[in-house]
Amino acid sequence: MSDSTHFYEPRLGHGLPHDPFNAIVGPRPIGWISSRSAQGQLNLAPYSFFNALNYVPPIVGFSSIGYKDTVRNIEQTGEFAWNLVTQPLVEAMNQSCAAVPPEVSEFDLAGLTPAPSRLIQVPRVAESPVSFECKLTQLIPLQTAAGETVPSWLVLGEVVAVHIDQRLLKDGIFDTAGAGIVLRAGGPGDYFRIGPEQLFKLYRPR
């Protein structure tokens, strides 16, 4: 093994000041998930293990390290909403990851407004320029290659409705660069913002 390569087996530890896995797989979209318990209590939490997974039907997914309020709520109701995190919303997003009891609404904690959805009973974040209304398709406990259970849950949901602020549609195309999308990175407090300077075009071979 070359001395110029840092090699490690995750089960034995990475030997670095901070786990590089999150930094290598990233920056990552933020799963800012709103949910409602069976009793009607609202919850809002960001998840850094999130992405889009299918076109037709559109399916998104996020992984929760531990069985948290969000997972419990979605398992109870079968619904959740994803809300886009943009630069003006980063402080509110950060507030919503505070460890608070289930009876405390992160909407109130972060000073955000619940907006009614069209097809699900879970509200969206009114301040977010894009939201997906989702219905649970699969809730999967993760496991190791050896088949041992990991205390993490993969939540998959079909996007049944989409809300987009009209100002972000330029000639019918979503303005990714202009939306000010914020992504999670690998450091303890590292984030990135997408802007026009990151844009380049690359077309598929014909």
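The table for this structure:
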| item | result |
| --- | --- |
| First in the range 106-126 and assigned to a loop (DSSP other than H, G, I, E, B) and surrounded by 16 or more Cβ atoms within 10 Å (Cβ to Cβ), second anywhere and aliphatic (A, V, I, L, M) and at pLDDT below 95, Cβ under 9 Å, 6 or more apart | ALA110/ALA98 |
| Identity of the residue in the range 63-101, of a type outside the set (A, V, I, L, M), touching a Phe, Trp or Tyr at 6+ places or on another chain (Cβ under 6 Å) and more than 29 Å from GLY178 (Cβ to Cβ), that ends up surrounded by the most Cβ atoms within 10 Å (Cβ to Cβ) | SER64 |
| Every residue from the range 38-57 that is of a type in the set (Ser, Thr, Tyr) and either surrounded by 13 or more Cβ atoms within 10 Å (Cβ to Cβ) or touching a residue at least 24 places away in the same chain (Cβ under 8 Å) (or both) | TYR47, SER48 |
| Top-ranked residue of the range 156-183 - restricted to ones that are touching a residue at least 24 places away in the same chain (Cβ under 8 Å) and assigned to a loop (DSSP other than H, G, I, E, B), ranked as surrounded by the most Cβ atoms within 10 Å (Cβ to Cβ) | GLY180 |
| Residue in the range 24-37 that is of a type outside the set (Lys, Arg), within 26 Å of LYS135 (Cα to Cα), in contact with a helix residue (DSSP H, G or I) (Cβ under 6 Å, 6 or more places away or on another chain) and surrounded by fewer than 21 Cβ atoms within 10 Å (Cβ to Cβ) present | yes |
| VAL60 surrounded by fewer than 21 Cβ atoms within 10 Å (Cβ to Cβ), of a type in the set (Val, Ile, Thr), modelled with pLDDT of 95 or more and not in a loop (DSSP other than H, G, I, E, B) | no |
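The values are calculated or read from the model by the stated rules, or taken from the named source; none is laboratory data. Small disclaimer: the values here were computed from a predicted structure and weren't measured. Methodologically, a virtual Cβ is constructed for each residue, glycine included, from the backbone with ideal geometry; neighbour enumeration extends over all protein chains shown.
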